1. If I filter region 242-255 down to residues being of a type in the set (A, V, I, L, M) and crowded, with 18+ Cβ neighbours inside 10 Å, which single residue comes out as farthest from the chain's Cα centre (by Cα)?
2. Given the structure, is Ala186 more than 16 Å from the chain's Cα centre (by Cα) and among the small types (Gly, Ala, Ser)?
3. At pLDDT below 90 and closer than 16 Å to Met256 by Cβ: which single residue out of Gly237, Gly209 fits that description?
4. Let me confirm something: among Ala216, Ala252, which residue is modelled with pLDDT under 90 and closer than 26 Å to Ala142 by Cα?
5. What number of residues in region 185-202 are surrounded by fewer than 23 Cβ atoms within 10 Å (Cβ to Cβ) and either in a strand (DSSP E or B) or among the aromatic types (Phe, Trp, Tyr) (or both)?
6. Right, Ala297: among the small types (Gly, Ala, Ser) and modelled with pLDDT under 90 or not?
7. Report whether or not Gly237 is surrounded by fewer than 18 Cβ atoms within 10 Å (Cβ to Cβ), more than 24 Å from Ser273 (Cα to Cα) and of a type outside the set (S, T, N, Q).
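The values are calculated or read from the model by the stated rules, or taken from the named source; none is laboratory data. Because the structure is a prediction, the values reported are computed rather than measured. Cβ placement follows ideal geometry from the backbone for every residue including glycine, while neighbour counts extend to all protein chains displayed.
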Amino acid sequence: MENPFQDETVLARWLAGELTPEELQTLQQREDYAGFVQIIEELKGLEAPEFSAEFVWQQLQERLAGEENSKPGSVRDVDEFPAGTETVEGQNPEPETPNPEPSLLHIISWKYISAAAAALALIIAALWWLTSNEYPVSETLATKAGQQKQVVLPDGSTATMNARSSLGYNAKKWPERRYVVLDGEAFFKAKKGRRFTIQTKQGQVQIAGTIFNVYARDAELEVKCTEGKVQVINPKGTERVLLKKGEQVSVAGGRMQKRQRLTFYPAWYKGESIFREAPLQKVLDEMSRQYGLVVMADSLGTRSFSGKFIHKNLNKALKMVCDPMRLKYSLSGDTLHIAPR
């Protein structure tokens, strides 16, 4: 990853409000800008550990240059469809540097130090604290086609994963940071306490204690708030939406669209998939996940589908989708062929 600190004055001038519009726009377009915004928000009440500024800067530069020190966590497949809940168990030395590189405080001009030195020290401390291990995932769980799995997290919060989804977290660091990495879809019931963060490729979800569903597949993120409040942040950190009970938001193509919803549990939680003017390909992709099929579709164009299909009977599910869409289908083993009639 390109080092965002090539110009060491950028952070200080950003904190001091002295970036040019062009510089600010460039910074906001970085994929890690959301992380900087999050750090600023969390600095209040953050007790920074003792550290050497020169040592921290050196470590930060190394990590941003891509030097990975953490070991990858284990990955487990979930082999059985569960009948119920399964519980998953879940001072920095001064470097001896005879000729140290110039520290950040020596590089930045005194003009910016007077405006941002205190805040800059805190942000470096926070960056060091938050990225020292880059939230390594010590436990990762994955569901296969047609499977759902409920996981009990270290604080008693639960996450029920939909088919072909993966969820990772760090049990050891959980008391300090309730942080989950999700690829796929899961229904969360978060206990009240510290901020609970769900990180996806498509954006970030933050809550304190509530019930909500997160769908994160391909380039789409959809969050539905069942109880409490949920904050959703787009990938660049430039836009956020606060959801209340009964609301949902979709993030796709950089746009966030908020609307009302009525049902308490997501449809998949009750064994069916419901769609509203969804691209037909998205419907077939979900059918593939629920039934473990390879779908071969011909000449479907940009057609959309409103309706549902069930998860326990493939023949009925196919009729529920194909009949109203005037599609013909054939099955050969695990391969489903679909084409217009």
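1. Within region 242-255, the match that is farthest from the chain's Cα centre (by Cα) is Leu243.
2. Numbers: more than 16 Å from the chain's Cα centre (by Cα): no; among the small types (Gly, Ala, Ser): yes.
No; evaluated as a whole, the condition is false for this residue.
3. Values: Gly209 fails: closer than 16 Å to Met256 by Cβ.
Result of the check over Gly237, Gly209: Gly237.
4. Details: Ala216 fails: modelled with pLDDT under 90.
Criteria check complete, one pass: Ala252.
5. 5
6. Working: among the small types (Gly, Ala, Ser): yes; modelled with pLDDT under 90: yes.
Yes; evaluated as a whole, the condition is true for this residue.
7. Values: surrounded by fewer than 18 Cβ atoms within 10 Å (Cβ to Cβ): no; more than 24 Å from Ser273 (Cα to Cα): yes; of a type outside the set (S, T, N, Q): yes.
Answer is no for this residue.
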